[in-house]
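Shown next, in structure tokens, is the structure this report addresses.
The values are calculated or read from the model by the stated rules, or taken from the named source; none is laboratory data. Bear in mind the structure is a predicted one, so any value in this text is a computation, not a measurement. All Cβ positions, glycine included, derive from the backbone under ideal geometry; neighbour counts span all protein chains shown. For accessibility, only protein heavy atoms count, side chains too; no ligands or nucleic acids. Shrake-Rupley method; radii C 1.70, N 1.55, O 1.52, S 1.80 Å.
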Amino acid sequence: MEAMTATMTTPAPISVADPTFAWTIQARSHEPVMRCFYCQKCSIGCPTAFAMDYQPAQVLKMVQLGQKGALLKSRAIWLCIGCETCGTRCPNDIRINNVMDVLKEIALEEGATPAEKTVYALHRSFLNSIKRFGRLHELTMLAEYILHVPQKLPAEIGIGWALFVRGKVLHLWSAIKERGAVRKLFDRAGL
Amino acid sequence: MQYTYYPGCTSETTAYEFGRSTEAACKALDIELIELKDWNCCGATSAHSMSLQLNYELSARTVGLAQEARLDMAVACPGCYQRVLNSDHRLRSDEAFRREMEQVLGFEYNGQGRIRHLLDILTNDVSLETVRQKTVKPLKGLKPVAYYGCVLVRPPSLTGWDDPEHPALMDGVLEALGAEVTAWSHKVDCCGASLTLNRSDIVKTLSNQLVDHALEAGANCLVTVCGMCHINLDARQAGQNLPVFYLTELMGLAFGAPAKDVAKWMKKHVVDGRPLLKSLELL
């Protein structure tokens, strides 16, 4: 015990970069982010944590400490797939995927470049398809996606072909009648 | 039994065989599915990734379309199910949101119909006993692992009809169909879902782990109720050659669907499941 005390340095005081940030996230996500006591069950269970730059528990801690800049530029927020594993296991009932979604929203609002460009490009193309037709039309969605990130074509042409020959992607769009109502929702969201 | 029905976009395209076999299986069980008129996409992962509000509002329109019928809504796709369930919950619990949506979209929310997944309906409304009775071709020799995927039974505060970590309802239906269900520990582990085209490296890792775990458990096939999981598990294998079936395809088969219909579904898969079914004299 004595030896341990002797080697301990005085910890630097914790500085909160932006004290209002956590409350903003809490208000927008309706998730009680300040309750997180860092048990890390979310990080341990997260299926995509291995590819993230910050693990889900770290993201929550960074929210608490107001480290907005680093979060908005992170890969983690774009690699969360919303599988709800973390939220299901959280002892404090924080559905972390909602926190991740709000972080992405703020990143887009504030013009931060999405760290996962291909993930962003797919979401964009997917939503444009719904805005256009009211439903997803896979062929035009994929075409738009590939136009944005042509470098993905060689890697994905194989699976595209496999589905194409089985008649799974070659369909005419089935646009809904009330496209206006759907467009109105997109306008409300500013998308 | 009557339900309004929200098929979801992929039921006509990448999950064509899921859509057709769902209709066939429900017909065999005297479940009448009344398709919602002019339904729109739920926005899936992309809507809630770009705007949480848009995600709630897109599905609020779907819920609105179902109000007049005052029936429970049947949903087969877990992605659609979760998005619509979340929105319905918000319409129920957030009065300001409900009022706003009623005004913007022009409907009146009565909340009499609940959002239900097919698996919940099969077990709790139809009953496994009926599934057993309707089975004319028991799936003897078929050793499936039941794969529920990540969002079907989550979040438990909204779903509430099965265990969120180790669900059992699909196992029950498969047993009622006569299959020899194989135990495994990966029922709700995520396949990588919507990262399929943009970070396929992650999806390949996760999906192939699942296929390997199924084989280690001694399964000869994997059964899912999700179009997204099906693509990832069926089309992203690294040579394991494990057939991946939709639960509804196996239901159709066991309920005696015409062979040409079953063939029409099965030929849509990348890993052909027909040799396995033929070897078990099920086709």
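Note on B:197-207: average number of Cβ atoms from other chains within 10 Å of each residue's Cβ is 6.
Taking the accessible area of the range B:172-283, probe 1.4 Å, and keeping the other protein chains in place, the carbon and sulfur fraction comes to 51%.
If R0 equals 45 Å, the separation of the Cβ atoms of A:Thr140 and B:Asn110 corresponds to a calculated FRET efficiency of about 0.75. When only Cα pairs below 8 angstrom with a gap of at least 6 residues are kept, chain A shows a relative contact order of 17 percent.
Here the contact order of the range B:1-69, divided by its residue count and restricted to Cα pairs under 8 Å and six or more residues apart, works out to 34 percent. Assuming charge only on the beta carbon of Lys and Arg (+1) and of Asp and Glu (-1), the dipole of chain A about its Cα centre is about 740 debye to the nearest 20. Here B:Lys187 is the anchor, and the lysines within straight C-alpha reach of less than 17 Å, apart from those fewer than 8 places off in the same chain, are B:Lys143.
Counting only alpha carbon atoms, the long axis of helix B:78-93 and the longest principal axis of chain B meet at about 30°.
Surface exposure of the range B:129-263, expressed per residue as accessible area with a 1.4 Å probe, stands at 32 Å².
In this Cβ point-charge picture (+1 for Lys and Arg, -1 for Asp and Glu), the protein assembly as shown has a dipole of about 940 debye about its Cα centre. Direction-averaged projected area, Cα convex hull, the range A:44-191: 10.8 nm², rounded to one decimal. Dipole of the range B:163-283 computed with +1 at Lys/Arg Cβ and -1 at Asp/Glu Cβ about the Cα centre; of B:Gly239, B:Gly178, B:His166, farthest Cα towards the positive end is B:Gly239.
With R₀ fixed at 60 Å, the C-beta to C-beta distance from A:Ser174 to A:Gln40 puts the FRET efficiency at about 0.85. Using the 1.4 Å probe convention, the accessible area of chain A works out to 50 Å² per residue with neighbouring protein chains retained. With kT/(6 pi eta Rh) evaluated at 37 °C and eta = 0.692 mPa s, and Rh the Kirkwood radius from Cα pairs, the range B:188-240 diffuses with a coefficient of 299 µm²/s according to Stokes-Einstein. In the protein assembly as shown, a dipole from Cβ-located charges (positive for Lys and Arg, negative for Asp and Glu) runs towards its positive end, and of B:Val126, B:Gly149, A:Thr88 it is B:Gly149 whose Cα lies farthest in that direction. Binning the C-alpha pair distances of the protein assembly as shown at 20 Å intervals from 0 yields a P(r) profile of 24, 57, 17, 2 %, listed from the shortest bin outward. Multiplying the residue separation of A:Leu153 and A:Ala17 by 0.36 nm and removing their Cα-Cα distance gives an extension gain of 44.9 nm.
Taking every alpha-carbon pair in the range B:1-123 and binning the separations at 5 Å intervals from zero gives 2, 12, 22, 25, 20, 11, 6, 2, 0 percent. Once the convex hull of all Cα atoms in chain B is built, its volume per residue stands at 114 Å³. Each of B:Ser93 and A:Arg183 was given a label point 7 Å from its Cα along the Cα-to-Cβ line. The distance between the two points is 3.5 nm.
With a 1.4 Å probe and every protein chain kept in, tell me what percent of the accessible surface of the range A:71-144 is carbon plus sulfur. So the carbon and sulfur contribution to the accessible surface is 50 percent. Accessible surface buried at the A:B interface totals approximately 5100 Å², computed with a 1.4 Å probe on protein heavy atoms. Between the range A:76-147 and the range B:217-236, how far is it from one alpha carbon centroid to the other, in angstrom? Using only Cα atoms to place each centre, the spacing works out to 24 Å. For A:Lys41, a cut-off of 16 angstrom between C-alpha atoms picks up these aspartates and glutamates, skipping any fewer than 8 places away in its own chain: A:Glu84, A:Asp93, B:Glu165, B:Asp189. Label reach from B:Ala69 (point 7 Å along Cα→C-beta): in the range B:3-32, amide nitrogens under 13 Å belong to B:3-8, B:31-32. Helix B:52-65 and the longest principal axis of the Cα set of chain B meet at an angle near 90°.
For the set B:Ser127, B:Ser207, the ranking by accessible area, highest first and with no ligand, DNA or RNA atoms included, is B:Ser127, B:Ser207 under a 1.4 Å probe. Remark: the range B:84-184 carries a charge dipole of roughly 360 debye about the Cα centre, counting +1 on each Lys and Arg Cβ and -1 on each Asp and Glu Cβ. Accessible-area loss of 20 Å² or more (1.4 Å probe, protein heavy atoms, chain alone versus all protein chains) is found in the range B:219-245 for B:Ile231, B:Ala235, B:Arg236.
If R0 is 30 Å, what FRET efficiency do you get for B:Leu215 and B:Lys267 from their C-beta distance, rounded to 0.05? Calculated transfer efficiency: 0.80. Counts of other chain beta carbons within 10 angstrom of each beta carbon in peptide B:50-62 average 6.
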